[in-house]
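Read the figures in this text as sums done on the coordinates, not as results from a lab. Just so you know, these numbers come straight off a predicted model, no measurement behind them. Glycine gets a Cβ as well: all are built from the backbone with ideal geometry, and neighbour counts include every protein chain shown.
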Amino acid sequence: MSDIALLLLAAGGSRRMKEPKQLLPWGTTTLIEHQIQNLLDTGKSVSVVIGAYAEMIVPHIDKLPIRIFQNKYWQEGMGTSIAHGTSEILKRQPNLDGILISLLDQPLLTSVHFKKMLQVFQAGKDQIIVSKAGSNWSGAPVLFDKVYTKELMQLKGDEGAKIISHSHKEVVEYVEGGTILADIDTPQAYQEMLQKYK
C-alpha cells in the first residue's frame with residue numbers, strides 16, 4: 001500500500017466570490033469541511049493549507065483529524081501554498097511515496113475519484129496522475145510521485161503545479177472525472193453547483 005499524503009489547498013482570498021469560499025454553506029456543513037471529509041474518506045493522511053480568513057476558518061476544522069498549515073504568503077499565489085504544504089508534509093512524512101494535491105473549489109468531487117487516482121498510482125514509477133474532463137481540460141486533483149517534491153517546493157507566485165506536469169508529459173497518466181471536476185469561481189457558479197449537489 002503506497003504512502004500517499006493528501007494536500008488540500010484552501011488559502012485563497014476568494015476575490016471573485018466576495019466572501020470566504022472556504023465557509024460557504026455546503027450540505028449541512030461548510031465547503032472546506034465537506035472537502036476535508038471527502039479526502040479523509042480515502043483513509044490517507046490529510047493536510048490543509050489555509051491563509052486568507054485563517055482566524056475564521058480554524059474553529060471549523062481544528063477538531064478534525066488533519067494537519068493545518070498556515071501560509072503567510074498566500075497573497076503571492078497558489079504556488080506558495082503548494083510549496084509550503086509540500087515542505088511541511090515532508091517534515092512529517094519523509095518516506096512518503098507521493099502527494100495528491102486537490103483544490104477547495106471542486107465540491108462535486110467525491111472520495112471515489114481520489115480512490116481511482118490512488119489505484120492508478122504505482123510507487124517508484126515517477127508517475128504524475130492528472131484528472132481529466134473530456135478532451136479539452138486536465139488539471140487538479142493531481143497526484144505526484146515523490147521524485148517531484150523538490151519541484152513542488154520551488155513553486156512561486158501564481159505558478160500552479162501544472163507547470164510540472166507539462167514538463168514531464170511522458171510520465172503523465174489521466175483519470176477521467178468529467179463534470180465533477182467543475183470549479184466554483186463566482187456566486188452564480190456556486191448557486192448552480194449547489195443545486196446540482198442537492
Self-check item: Simple spin-label estimate for LYS91 and VAL147 in nanometres, 7 Å along Cα-Cβ
Solution: 2.8 nm
Exercise. Report ³J(HN,Hα) in whole Hz for each residue of segment 135-148, in order, from the Karplus equation J = 6.51 cos²θ - 1.76 cosθ + 1.60 where θ = phi - 60°; Gly and Pro get x.
Key: 8, 9, 9, 8, x, 5, x, 9, 10, 10, 4, 4, 5, 9
Quiz item: Give or take rounding to whole Å, what are the principal axis extents of the alpha carbon atoms in segment 85-198, in descending order?
Solution: 42, 27, 25
Self-check item: Highest to lowest packing among 141-151, 4-14, 177-187, scored as the average C-beta count within 10 Å
Solution: 4-14, 141-151, 177-187
Quiz item: Roughly how many whole Å is it from the C-alpha centroid of segment 149-191 to that of segment 11-27?
Solution: 19 Å
Practice problem: Determine the dipole magnitude for the chain: charges of +1 sit on the beta-carbon of Lys and Arg, -1 on that of Asp and Glu, nothing else is charged, the reference point is the Cα centre, and the result goes in debye to the nearest 20. | Solution: 140 debye
Exercise. Kindly rank 46-52, 61-67 from highest to lowest mean number of other beta carbons found within 10 Å of each residue.
Key: 46-52, 61-67
Quiz item: For the chain, max minus min Cα coordinate along each principal axis, in Å, sorted largest first?
Solution: 40, 35, 30
Quiz prompt | the chain, helix-only ellipticity at 222 nm - DSSP H runs n ≥ 4, -39,500 (n - 2.57), divided by all residues, nearest 500 | solution = -9500 deg cm²/dmol
Practice problem: Pop out the ³J(HN,Hα) list for segment 176-188 in order, Karplus 6.51 cos²θ - 1.76 cosθ + 1.60 with θ = phi - 60°, rounded to Hz; leave Gly and Pro as x. | Solution: 5, x, x, 5, 5, 8, 4, 10, 9, 10, 10, x, 5
Exercise. Please compute the Cα-Cα pair-distance distribution of segment 1-89 with 10 Å bins starting at 0, giving whole percents from short to long.
Key: 17, 51, 28, 3, 0
Quiz item: Going down the list LYS91/LYS162; LYS115/LYS150; LYS150/LYS196; LYS21/LYS132; LYS146/LYS198, which pairs span over 27 Å between their C-alpha atoms?
Solution: LYS150/LYS196; LYS146/LYS198
Quiz prompt | Cα centroid separation, segment 120-145 to segment 42-111 (Å) | solution = 19 Å
